[in-house]
């Protein structure tokens, strides 16, 4: 992550704004809820009611965007459009849109290692297994509010074997439970919080 030389400016920037982050479209039992700084929106609270200026991380439903979207017969009306809502929130407030690497939403967003878009947004790809997930889970973040050079360092690649896979179609593995398919590892949330802090700092230092 880029070093900010003016430590006082960073401290003031963080103290003069809300240090709360918003997490949209989370599970009811989400681990985000165990952290004091997070303002969480699950299905009951309804992310569409989010109306503050906190930087956001969004986990909108992905089944209507995946390679098997033609089989998403149980998708709720308007479910696909939730990802566009999430995208607009990230572009307005700064933050991260999370979806599987194969999600078709990324056909509409900057390519990994490509140039940022008109909102300053860029896309990165990583394996959640490296952050402690029980299975390999290739994921992309679309990020707005900082440059790619300001991102916190990524963890080292985990080389050990895992007996779990997302769909259970990898030899020698069992299919992840629904919770395991959807949860966010604690180490990844730590990384997201570090990213959010840079976004907050950048936003306030430019006021």
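Derivation of every value follows stated rules applied to the coordinates shown; laboratory data play no part. Keep in mind that what you see is a predicted model, and the values were worked out from it rather than measured. No Cβ is skipped: glycine too gets one built from the backbone with ideal geometry, and neighbour counts run over all protein chains shown.
Below is a table of values for the structure above.
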| quantity | calculated |
| --- | --- |
| Using alpha-carbon coordinates, inclination of helix 186-205 to the longest axis of the chain, degrees | 30 degrees |
| Beta bridges by DSSP in the chain, antiparallel share as percent, to the nearest 5 | 50 percent |
| For the chain, built as a Gaussian network whose Cα springs stay under 10 Å, the top-fluctuating residue of 88, 51, 187 | 51 |
| Principal-axis tilt of helix 82-93 within the chain, Cα atoms, nearest 10 degrees | 20 degrees |
| Distance (nanometres) between label positions extended 7 Å along Cα→Cβ at residue 161 and residue 115 | 4.7 nm |
| Three principal axis lengths of the stretch 7-205 [C-alpha, angstrom, descending] | 53, 41, 36 |
| Square roots of five times the Cα gyration tensor eigenvalues for the stretch 95-190, Å | 26, 15, 11 |
| Relative exposure of 161, 99, judged by other C-beta atoms within 10 Å (fewest first) | 161, 99 |
| Packing-based exposure ordering (other Cβ within 10 Å, fewest first) of 136, 111 | 111, 136 |
| Within a Gaussian network of the chain (alpha carbon springs, distance under 10 Å), most fluctuating of 131, 25, 119 | 119 |
| Sites residue 35 and residue 75, calculated FRET efficiency, Cβ-Cβ separation with R0 30 Å, nearest 0.05 | 0.50 |
| Part-to-part distance (alpha-carbon centres) for the stretch 120-194 and the stretch 49-97, which is given in Å | 18 Å |
| The chain: most fluctuating residue of 33, 157, 92 per GNM, C-alpha cutoff 10 Å | 157 |
